[in-house]
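The values are calculated or read from the model by the stated rules, or taken from the named source; none is laboratory data. Keep in mind that this is a model prediction, so the values were computed, not measured. All Cβ positions, glycine included, derive from the backbone under ideal geometry; neighbour counts span all protein chains shown. What goes into the accessible areas is simple: the full protein's heavy atoms, side chains included, and nothing from ligands, DNA or RNA. Shrake-Rupley method; radii C 1.70, N 1.55, O 1.52, S 1.80 Å.
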Amino acid sequence: MIHTTSPMNDLAPHESRTEKVRLDGTREQAYRTSERGLWRSLGASPTERYVELPRFAVRVRVQEVGEGPAAVYLHGGPSAGTTWAPLAARLNGIRSIIVDRPGTGLSEAFPVTAANLDSFADHFLVDLLDALGLDRAHVVASSFGGFLALRAAAVAHERIDRMVQMSCPAGASGMTVPPFMRAAAVPLLRRLMTAMPVSERSARSMLSGIGHTASVEAGLFTPEFMAWYLSLQQDTATMRNELPMIGSLFTVRGIVHPALSLSDELLHSVSTPTFFYWGADDTFGDEDIAEQTVAKLGDATLRMVPHAGHLPWLDDPADAARAVESFLLTQPSRV
């Protein structure tokens, strides 16, 4: 059964029109080259397609790898779908469907702000499943993607089979906002962040800032991953599109906008079986926040991962893959 949706009626007129940010051919080719290099280094070659999301008048790119039950991946920001490559390439028995959120990677842009976040969060995943022709699917999510997945589970639980949350979800009560995200709340600093040349040193510093210091110092991020990560920032509009959204959701003092809140009431309403794979060094939320968040869901378990940061599958992809396979494949699905 394919569900249909009606146009969103609670966005201002100028917000209902997508700003079509397109890359010139040279920059897109550079990005695709680095992306293919990363997938190739992992022994995988995903297929690619674009799907339309009429509600947002936007076209998003989807990559697929593997066979089995469908799992849709929602990434955080500022990033893109290929950040999941080290995990998805290692999974067996799962059809991984990896989306570039609007405005990231090679997807067209849709200006998400605090003003329209409620509507975007409640509809994005459901509309994506419709566009993919999926009645329901597993969901693997992280950070801002984790926020979107929990919002979808609260309003459309019948569309999600099982859910893996890989990090502190954005909006968790008590969440800490890292410095670079607080800086995005200042327009001048945001412009400087967008205009500054990107180097491997600055990229490693950003990864350390979200809890991956141990892996950075141990040299666990491969040259292929770092090449893709740099190209994402240099050769796509991801940073230019994501930083204004981030700046609208946080203040320079780290106060989180109410639109990004995962309220107790919302979390209590989530009945989807959920597994949290949470890095112990996640700078967004420590173990206390993890335990408090998980306790509010109706059917959730938690595993704290030592020496792992905000994107814990990057610190030990093989362990993360085993954990995801165990939860999604060896436990019975909901009826």
**segment 139-293: C-alpha pair distances exceeding 18 Å, %** = 63
**Message:** If each residue of separation counts as 0.36 nm, what is the full-extension length gain between THR330 and ALA114 once their alpha-carbon separation is subtracted?
**Reply:** 73.9 nm
**Message:** Highest mean first, how do 70-82, 179-191 rank when packing is the count of other Cβ atoms within 10 Å averaged over residues?
**Reply:** 70-82, 179-191
**Prompt:** How large is the helix-only mean residue ellipticity at 222 nm for the chain, computed as the sum of -39500 (n - 2.57) over DSSP H runs with n ≥ 4, divided by its residue count, in deg cm²/dmol to the nearest 500?
**Reply:** -11000 deg cm²/dmol
**Request:** Give the label of the value calculated from the structure for Cα extents along the principal axes in Å, choosing from [x] 73, 53, 39; [y] 50, 49, 41; [z] 69, 46, 35.
**Result:** [y]
**Asked** Hey, with R₀ at 25 Å, roughly what FRET efficiency would GLU52 and ALA259 work out to, going by the Cβ-Cβ distance, to 0.05?
**Response** 0.45
**Item:** With every protein chain in place, the chain: carbon and sulfur % of accessible area (1.4 Å)
**Value:** 53
**Prompt:** Out of every Cα pair in segment 87-143, what percent are spaced more than 20 Å from each other?
**Reply:** 34
**Item:** Backbone N within segment 250-267 under 12 Å of label point (7 Å from GLN292 Cα along the Cβ vector)
**Value:** 264
**Request:** Compute the accessible area per residue over segment 259-331, keeping the other protein chains in place, probe 1.4 Å, unit Å².
**Result:** 40
**Message:** Below 8 Å between Cα atoms, with a sequence gap of 6+, how large is the relative contact order for the chain in percent?
**Reply:** 20
**Prompt:** Of all the Cα-Cα pairs you can form in segment 250-310, what percent are over 13 Å apart?
**Reply:** 66
**Asked** MET304 to LEU220: FRET efficiency via 1/(1 + (r/R0)^6), r the Cβ-Cβ distance, R0 22 Å, to the nearest 0.05?
**Response** 0.70
**Request:** Sort out for me the Cα centre separation of segment 26-63 from segment 112-167, rounded to whole Å.
**Result:** 20
**Request:** Kindly state, to the nearest 0.05, the FRET efficiency for ASN92 paired with VAL186, given R0 = 45 Å and r defined as their beta-carbon distance.
**Result:** 0.50
**Request:** Please label the shape of segment 166-222 as rounded, prolate or oblate, based on the square roots a ≥ b ≥ c of the eigenvalues of the alpha-carbon gyration tensor (a/c under 1.5 means rounded; beyond that, a/b larger than b/c means prolate, else oblate).
**Result:** oblate
**Complete:** Per 5 angstrom bin, beginning at 0 and ending with the bin that holds the maximum distance, the Cα pairs of segment 51-179 fall in percents of 2, 11, 22, 26, 22, 12, 4, 1, 0
**Message:** Using only the alpha-carbon atoms, what does segment 108-188 span along each of its principal axes? Please give whole angstrom values in decreasing order.
**Reply:** 44, 26, 19
**Item:** Rule-of-thumb Rg ratio for segment 230-335 [Cα; 2.2 N^0.38 Å; N residues]
**Value:** 1.28
